[in-house]
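J.: Pasting in a structure now, in structure tokens, and then I'll have a few things to ask.
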Amino acid sequence: MPNPVSPRRLLLFLVPLVVCVLGTVAAAAPPKILVVHSYHEDQQEHVVEMTRGIEEALAGVDCRFRYVHMDTKRNTSEAWKRAAGEKAKRVLADYAPQVVITMDDNAQQYFARDYAGLPGPPWFVFSGVNDDPARYGFPAANVTGVLERPNVEESFELLLKIKPDIKTVLVLANKSETTDPVIAYCRTLKLPVEVVAYEQPLTLDEWHGVLARYRDRVDAVALYVLRTIARSATDPTKVPEQELVRLINDQYRLPTVGFYDSAAESGVLCGVSVSMREQGRAAGQIARELLDGKRPADFTVKATDHGRIQLNLRTAEHLGIQIPYNVIKRADVVVR
């Protein structure tokens, strides 16, 4: 009759076996990707499209996602942005992903820049960045990514196809980490129109004042990101971009061109915007290749080049402008 195995000897046998099995399971667990968005989850034509692009690029890859939305477009205070960045850092420490994708400039300023140059993984992939990435310490041994450069020249060329007599333009934008570098970028371009002024009003009263000041000096208004303009100096509520554009259409009756993602939906006559879906897809493709064994240094930081032609036919009719059919048939977004 065989000798019974003592509980102690059985434990000594089972513990290494369990550790081995658990180690194998852990090794086989799907890689994790953390996506940190600067803005809120349901921001149409921007965050929603970026997320769609990321997930399309990683379709078929056995991996897990976790998302953090810093919500810094609706909440613009410095205290909120810093707190949102700290929250993202806590999620990163807890989740322990292999790849971190960071979207738009605030996610870099208040989160990703603090990891630049550290040994990886995790590897970091940025996208939707308007500023010079060197401001955040990018690229680095553990960081690569995708630039966002607005289709300014293409937007003005589109406007001139619709209204060839336009000569002078006022450029309007809000004041933010996103728009400041875009304004600086615009100033470096040789444009087919004369920009009379670049203005970044902070409140609705300032918005009215700028338009009243330039209404007789310009033929059109160019717009880029209008989401942080306050109702008044004492009311920080953000004025909807549709309301701001409607003022131009109704009170000043000037043609508008916009190089941001929701331009046509907000009532702007026309524009060519960066494809946010392509921004997400490009970041997702880099993440996919990093999971396959590549390193950030294997990628060149560059901008995506796929633009979205946008038209608002209702605005055109309101202003008495006829958009040529050959322009309409090429458009990606047509508001009728």
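The values are calculated or read from the model by the stated rules, or taken from the named source; none is laboratory data. Predicted model only: the values in this text are computed from it and were never measured. Methodologically, a virtual Cβ is constructed for each residue, glycine included, from the backbone with ideal geometry; neighbour enumeration extends over all protein chains shown.
J.: Considering each residue of segment 268-297, count those that are touching a residue at least 40 places away in the same chain (Cβ under 8 Å) and farther than 21 Å from R330 by Cβ, and give that number. Spell out how you get there, then give the answer.
T.: From segment 268-297, those touching a residue at least 40 places away in the same chain (Cβ under 8 Å) are 268-288, 290-291, 295-297; that's our starting set.
From what is left, the residues that are farther than 21 Å from R330 by Cβ are 279-288, 290-291, 295-297.
Final tally of qualifying residues: 15.
J.: Something else now. For R308, indicate whether it is among the basic types (K, R), surrounded by fewer than 23 Cβ atoms within 10 Å (Cβ to Cβ) and modelled with pLDDT under 95.
T.: Details: among the basic types (K, R): yes; surrounded by fewer than 23 Cβ atoms within 10 Å (Cβ to Cβ): yes; modelled with pLDDT under 95: yes.
Yes; evaluated as a whole, the condition is true for this residue.
Yes/no matrix, rows are residues, columns are (1) hydroxyl-bearing (S, T, Y); (2) modelled with pLDDT of 95 or more; (3) closer than 17 Å to W123 by Cα:
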site	(1), (2), (3)
H46	no, no, no
D62	no, yes, no
E78	no, yes, no
A96	no, yes, yes
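J.: Continuing with the same structure: Could you check segment 69-98 and list, in sequence order, the residues that are surrounded by 16 or more Cβ atoms within 10 Å (Cβ to Cβ), over 19 Å from the mean Cα position of the chain (by Cα) and either part of a loop (DSSP other than H, G, I, E, B) or outside the structural domain of M50 (by TED's automatic domain parsing) (or both)?
T.: P97, Q98
J.: Condition test on D131, is it in a helix (DSSP H, G or I), modelled with pLDDT under 95 and acidic (D, E)?
T.: no
J.: Scan segment 299-336 for residues that are in contact with a strand residue (DSSP E or B) (Cβ under 8 Å, 6 or more places away or on another chain) and of a type in the set (D, E) and jot them down.
T.: Of everything in segment 299-336, just one residue is in contact with a strand residue (DSSP E or B) (Cβ under 8 Å, 6 or more places away or on another chain) and of a type in the set (D, E), namely D332.
J.: Of the conditions (1) surrounded by fewer than 23 Cβ atoms within 10 Å (Cβ to Cβ); (2) of a type in the set (V, I, T); (3) touching a residue at least 40 places away in the same chain (Cβ under 8 Å), T237 satisfies every one except a single condition; which number is it?
T.: Every listed condition holds for T237 apart from (3).
J.: Starting from segment 177-188, take each residue that is closer than 16 Å to A107 by Cα and list its partners that are among the aliphatic types (A, V, I, L, M) and buried (at least 16 other Cβ atoms within 10 Å of the Cβ), counting only C-beta distances under 6 angstrom and pairs at least six apart or across chains.
T.: Correct list of pairs: T178/V225; T179/A173; T179/V225.
J.: Okay, next question. I'm trying to understand the selection: among the residues of segment 164-197, which are in contact with a strand residue (DSSP E or B) (Cβ under 6 Å, 6 or more places away or on another chain), surrounded by 15 or more Cβ atoms within 10 Å (Cβ to Cβ) and not hydrophobic (A, V, I, L, M, F, W, C)?
T.: Of everything in segment 164-197, just one residue is in contact with a strand residue (DSSP E or B) (Cβ under 6 Å, 6 or more places away or on another chain), surrounded by 15 or more Cβ atoms within 10 Å (Cβ to Cβ) and not hydrophobic (A, V, I, L, M, F, W, C), namely T179.
Residues checked against (1) in a loop (DSSP other than H, G, I, E, B); (2) of a type in the set (G, A, S); (3) over 19 Å from P164 (Cα atoms):
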{"residue": "D180", "(1), (2), (3)": "no, no, yes"}
{"residue": "A184", "(1), (2), (3)": "no, yes, yes"}
{"residue": "V195", "(1), (2), (3)": "no, no, no"}
{"residue": "Y198", "(1), (2), (3)": "no, no, yes"}
{"residue": "P201", "(1), (2), (3)": "yes, no, yes"}
{"residue": "G209", "(1), (2), (3)": "no, yes, yes"}
{"residue": "V218", "(1), (2), (3)": "yes, no, no"}
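J.: Might you let me know whether segment 244-253 holds any residue that is basic (K, R), touching a helix residue (DSSP H, G or I) at 6+ places or on another chain (Cβ under 7 Å) and part of a loop (DSSP other than H, G, I, E, B)? Full working, then the answer.
T.: First, pick out the residues of segment 244-253 that are basic (K, R): 246, 253.
Filter again for touching a helix residue (DSSP H, G or I) at 6+ places or on another chain (Cβ under 7 Å), leaving 253.
Still in the list and also part of a loop (DSSP other than H, G, I, E, B): 253.
Yes, the conditions are met somewhere in segment 244-253.
J.: Does segment 292-320 hold any residues that are under 24 Å from V61 (Cα atoms) and either in a strand (DSSP E or B) or among the hydrophobic types (A, V, I, L, M, F, W, C) (or both), and which are they? Full working, then the answer.
T.: The initial filter retains those residues of segment 292-320 that are under 24 Å from V61 (Cα atoms), namely 292-301, 304.
Answer for segment 292-320, where residues must be under 24 Å from V61 (Cα atoms) and either in a strand (DSSP E or B) or among the hydrophobic types (A, V, I, L, M, F, W, C) (or both): A297, F299, V301.
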